[in-house]
1. Keeping to segment 134-147, report how many residues are under 15 Å from T169 (Cα atoms) and either part of a loop (DSSP other than H, G, I, E, B) or touching a residue at least 24 places away in the same chain (Cβ under 8 Å) (or both).
2. Among the residues of segment 28-56, which ones are among the aliphatic types (A, V, I, L, M), assigned to a strand (DSSP E or B), buried (at least 19 other Cβ atoms within 10 Å of the Cβ) and touching a residue at least 24 places away in the same chain (Cβ under 8 Å)?
3. Which of the numbered conditions does P75 fail, given that it passes all the others? Conditions: (1) assigned to a loop (DSSP other than H, G, I, E, B); (2) at pLDDT 65 or above.
4. What's the number of the condition L64 fails, among (1) at positive phi; (2) buried (at least 19 other Cβ atoms within 10 Å of the Cβ); (3) modelled with pLDDT of 95 or more?
5. Condition test on L19, is it modelled with pLDDT under 50 and surrounded by fewer than 12 Cβ atoms within 10 Å (Cβ to Cβ)?
6. Out of T160, T143, T154, T125, report the one residue that is touching a strand residue (DSSP E or B) at 6+ places or on another chain (Cβ under 8 Å), under 22 Å from A30 (Cβ atoms) and surrounded by fewer than 18 Cβ atoms within 10 Å (Cβ to Cβ).
7. I'm checking my understanding of the structure. Among residues of segment 89-115 that are at pLDDT 70 or above and part of a loop (DSSP other than H, G, I, E, B), which one is surrounded by the most Cβ atoms within 10 Å (Cβ to Cβ)?
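The values are calculated or read from the model by the stated rules, or taken from the named source; none is laboratory data. This is a predicted model, so every value here is computed, not measured. Positions of Cβ are generated from backbone atoms using ideal geometry, with glycine treated the same way; all protein chains shown enter the neighbour counts.
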Amino acid sequence: MKRMFFISGLIMACVFAALAASILPAADFAGTWTLDKAKSQGLDPRLQNAESVQWIITQDDKKLSIESKVTAGQPPAGAPPAGAPPAGGPPGGGGRGPGGPRSFNLDGKEATSEAGGQMGGTNTTKATWAADAKTLELVSVRTGNRDGTEFKFTTTEKLTLSADGKVLTVQRHSESPRGAQDATLVFNKQ
């Protein structure tokens, strides 16, 4: 009899835990965010040499969009002029290209669209919430064929907010024909 009560209690605790997790409010990343280069690590030269980098994030229950605004600074020695895409990579190095803001459905389903800009191809995006609804993983895969050469660029970003909601940390991992790169981008809310 005690064992039956114990098992029933355990089942009820699991049901309540699952119910509580399902009603946790998701993190709200909406706002204008400015890159803090001093706290960021592994920035590509375009971001490191920019005067300013901003992400304008809009978010509702169904969708999250990121518009990246980079105010050009002095390019590093031997680099292409400001505004030119990095060699071998998509415009913006995984950021916003000529096609506009990056958009992600928050229902966990993949979305595929035609990619704009010089490289063309397709762009597939997917957003996945962590179990605690505090971390959002964004995956973008751009594929296509440019001048007879197949290409694939994959970017995975994990977005988390500080407890006070004023600092956005993005753990970025990208893979391209040029190899893999990791970076930590730290943004302050304006």
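1. Going through segment 134-147, the residues under 15 Å from T169 (Cα atoms) turn out to be 134-138.
From what is left, the residues that are either part of a loop (DSSP other than H, G, I, E, B) or touching a residue at least 24 places away in the same chain (Cβ under 8 Å) (or both) are 134-136, 138.
The qualifying residues number 4.
2. Once the filter is applied, which keeps residues that are among the aliphatic types (A, V, I, L, M), assigned to a strand (DSSP E or B), buried (at least 19 other Cβ atoms within 10 Å of the Cβ) and touching a residue at least 24 places away in the same chain (Cβ under 8 Å), segment 28-56 yields only L35.
3. That leaves (2) as the condition not met.
4. Going through (1) at positive phi; (2) buried (at least 19 other Cβ atoms within 10 Å of the Cβ); (3) modelled with pLDDT of 95 or more one by one, L64 breaks only (1).
5. Values: modelled with pLDDT under 50: yes; surrounded by fewer than 12 Cβ atoms within 10 Å (Cβ to Cβ): yes.
Judged against the criteria, L19 is a match.
6. Values: T143 fails: under 22 Å from A30 (Cβ atoms); T154 fails: under 22 Å from A30 (Cβ atoms); T125 fails: surrounded by fewer than 18 Cβ atoms within 10 Å (Cβ to Cβ).
Being touching a strand residue (DSSP E or B) at 6+ places or on another chain (Cβ under 8 Å), under 22 Å from A30 (Cβ atoms) and surrounded by fewer than 18 Cβ atoms within 10 Å (Cβ to Cβ) holds for just one of T160, T143, T154, T125, which is T160.
7. A115
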